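Peer 1: The following block contains the structure, expressed as structure tokens.
The values are calculated or read from the model by the stated rules, or taken from the named source; none is laboratory data. All values reported here derive from a predicted model rather than from experimental measurement. Quick reminder, even Gly has a Cβ in these numbers, built from the backbone with ideal geometry, and neighbours come from all protein chains shown. Calculation scope for accessible area: heavy atoms of the full protein, side chains included, ligands and nucleic acids excluded. Shrake-Rupley method; radii C 1.70, N 1.55, O 1.52, S 1.80 Å.
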Amino acid sequence: MPVIRKLSQGAINRIAAGEVIERPASVVKELVENAVDAKSSRIEVALEGGGRTSICVRDNGIGIEKDDLPLAIERHATSKLSGEEGYEDILRVQTLGFRGEALPSIGAVARLSITSRIKGQDSAWRIDVEGGTVHPPRPEAGAPGTHVEVRDIFYATPARLKFLKTERSEVNLVKDVVKRLAMSRPDIAIKLTSDGRTLLNCSANEGGFEETWPGRLREVMGKEFVDNAIAVDETRDDIRLRGYISVPTFHAGNSRQQFLFVNGRPVRDKELLGAVRGAYADFLVSNRYPYIVLFVEMPPQYVDMNVHPSKAEVRFRDASKMRGMLVGTLRRGLMGEAHRSSTRIADEALGSFKPGTLTPEHPGSSHVLSVPSTPSAPLMPHAPGTALQGRYTKPAHGSRLQFGEGNGRSLSPPVPDAPVLETSEDDMPPLGLARAQLHKTYILAQTADGFVIVDQHAAHERLVHEAMKSASKDKGVARQLLLIPEVVELEPPQVESLLKRCEELEMLGLLLEGFGEDAVLVRETPALLGSVDAKALVRALADNLIEIGETFALKERLDEISGTIACHGSVRAGRRLKGEEMNALLREMERVPHSGQCNHGRPTYIEMKLKDIERLFGRS
């Protein structure tokens, strides 16, 4: 018969330590948070062997009294909770630490030494803990502040070492932790070194948070992020949300560049990260992540920090309000910068250029830069005096453009009589005026200080998508009757998924009927698509609906579905466009929100500045 017995205190401490200390990055997080709470103005973190050999954290904070050192390494002993004994207020936490678990947890699994000196005292005092065994404090030389050294992490629980990643990976995880804490406190100088190599060195910035934070952000995130960032700042009741988010075309393959702070505390909250994904859902594919740095400030009683020992998760009193505010703020920020595209795209384009050389035998062969064999040949095969040689005049209000060749596609921008050949910079529209169509796919437009290259399919796809979203929110998308209904053969599960959503698809302009067990009948299609391949569209929608499943109402995934429809109804690559059509597309892009990227998060245009072009030719 098994006998129930009480575990030893050492076993209890090692089990509890597993919740707080998972890897070297966990140790660094806890120690740096303690240094911040100690009112330090300078913090230095040094690693050896990726943190396995040693982790040293030194600060110039208020220090720890000699008599408090033994208490500091006892479980659930802290100076950071206010209130009388038995009535400590854990719902109004205003420090990064408060649970009193970090130091005893580290001491339970590693060799820990703490050397601390109070300002004004003659000497420092040191206490050592090895695998839970505490040695009495002793005098030690040391500067004012606290120096914590952790050696041989997990030597007392060697099984945990098997779960650590490579040295490089562990260092990167530590760097992420330090970056988060550095961003939250621009008034503190923070330095991180690994085996003597400096990985991060942020100087303290004097002044208020508003003045110092942009500089710290540039130090930590880099100039590229700052150049592609959108500032957001919104206050609702007692809650303020502010920070920076990237333009949709500036993104990464993982979420490591997403930094969230609640009352100055770095968190990795699934609800908040989910809200960020929701805000960008219409602009990025599922496996891409925007760069974000966001601060949430609220009264401490509005949020529960005591959710997990690591303190990386939080629970809001009104989670739905917080999520709605986050999604709304980010979308308004994105709306305000609807036409911006990532500077990285232009830089990558510039990097791909290389000088070309022409020889009589091989004119322009295999080079990115080339010239036509007949210099006087026009860039597009237009007769003299037609589209490309007119002047730009503003059209009458409400005029419409038909995307020609009998396909019935239309846009509703102001339509110029013809693109301009020469105009002043003051009159030049933001995306310029069309000069040529390249390979029946890309529109080349001259701007006031450079040129843009537009992907005609990606751009029109976004315009159709936004038009469908707008129409579906009003009275539904207008439909056009097919003279001969289209029969689309499908698998039975695909037919079932479409017929279950017939009413919702009708709001998007698509009228379907069942036609046996393995086919549907298409009677009407969205009018704004003009002539469209109904079979390809319906098959794509069927696959999309099966992936979504029955969990979501279609209106909750409207952007995804209308994006599929828009993709099939847009001007395709390989279509020759007239000058009027190209300029109408440019003007519509300037009018419609989010036209800087297509529905899949790819850029719709690349902008090149004249100074960059001159640099290519050595003129700058």
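Peer 1: Take residues that are open to solvent by less than 20 Å² (accessible area, probe 1.4 Å), at negative phi and at pLDDT below 80 and tell me which of the helices (runs of 4 or more DSSP H) falling wholly in region 493-569 contain 2 or more.
Peer 2: Because the criterion is at least 2 residues that are open to solvent by less than 20 Å² (accessible area, probe 1.4 Å), at negative phi and at pLDDT below 80, the helices (runs of 4 or more DSSP H) in region 493-569 that meet it are 534-548, 558-568.
Peer 1: Next up: Give the residue that is surrounded by the fewest Cβ atoms within 10 Å (Cβ to Cβ), with candidates limited to residues of region 170-199 that are without any contact (Cβ under 8 Å) to a residue 60 or more places away in the chain and not in a strand (DSSP E or B).
Peer 2: Among residues in region 170-199 that are without any contact (Cβ under 8 Å) to a residue 60 or more places away in the chain and not in a strand (DSSP E or B), the one surrounded by the fewest Cβ atoms within 10 Å (Cβ to Cβ) is Gly196.
Peer 1: Within region 202-222, is there a residue that is loosely packed, with under 15 Cβ neighbours inside 10 Å, closer than 16 Å to Gly328 by Cα and at pLDDT 85 or above?
Peer 2: No: zero hits.
Peer 1: Could you list, in sequence order, all residues of region 145-169 that are open to solvent by 50 Å² or more (accessible area, probe 1.4 Å), in contact with a Lys or Arg (Cβ under 9 Å, 6 or more places away or on another chain) and either at pLDDT below 90 or in a loop (DSSP other than H, G, I, E, B) (or both)?
Peer 2: Residues satisfying the conditions are Asp152, Tyr155, Arg160, Leu161, Phe163, Lys165.
Peer 1: Suppose the filter is open to solvent by less than 60 Å² (accessible area, probe 1.4 Å), modelled with pLDDT of 85 or more and under 35 Å from the mean Cα position of the chain (by Cα); does Val109 pass it?
Peer 2: When the stated conditions are applied, Val109 does not pass them.
Peer 1: Output yes when any residue across region 215-231 is within 21 Å of Met322 (Cα to Cα) and touching a residue at least 60 places away in the same chain (Cβ under 8 Å), and no when none is.
Peer 2: Yes, some residue in region 215-231 is within 21 Å of Met322 (Cα to Cα) and touching a residue at least 60 places away in the same chain (Cβ under 8 Å).
Peer 1: How many residues are open to solvent by 20 Å² or more (accessible area, probe 1.4 Å) and hydrophobic (A, V, I, L, M, F, W, C) if we restrict to region 112-144?
Peer 2: Looking only at that region, the number is 5.
Peer 1: Regarding region 248-263, can at least one residue be identified that is open to solvent by less than 30 Å² (accessible area, probe 1.4 Å), assigned to a helix (DSSP H, G or I) and touching a strand residue (DSSP E or B) at 6+ places or on another chain (Cβ under 9 Å)?
Peer 2: No, every residue in region 248-263 fails to be open to solvent by less than 30 Å² (accessible area, probe 1.4 Å), assigned to a helix (DSSP H, G or I) and touching a strand residue (DSSP E or B) at 6+ places or on another chain (Cβ under 9 Å).
Peer 1: Of the residues that sit in region 428-473 and are basic (Lys, Arg) and in a helix (DSSP H, G or I), which one is least open to solvent (accessible area, probe 1.4 Å)?
Peer 2: Arg462
Each row is one residue, and each column tells you yes or no for (1) outside any helix (DSSP H, G or I); (2) touching a helix residue (DSSP H, G or I) at 6+ places or on another chain (Cβ under 8 Å); (3) modelled with pLDDT of 85 or more; (4) surrounded by 18 or more Cβ atoms within 10 Å (Cβ to Cβ).
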residue	(1), (2), (3), (4)
Asn287	yes, no, no, no
Leu294	yes, yes, yes, yes
Leu326	no, yes, yes, yes
Leu330	no, yes, yes, yes
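Peer 1: Hey, another quick one. Could you please let me know if Ile43 is assigned to a helix (DSSP H, G or I) and either open to solvent by 80 Å² or more (accessible area, probe 1.4 Å) or modelled with pLDDT of 95 or more (or both)?
Peer 2: No: the conditions fail for Ile43.
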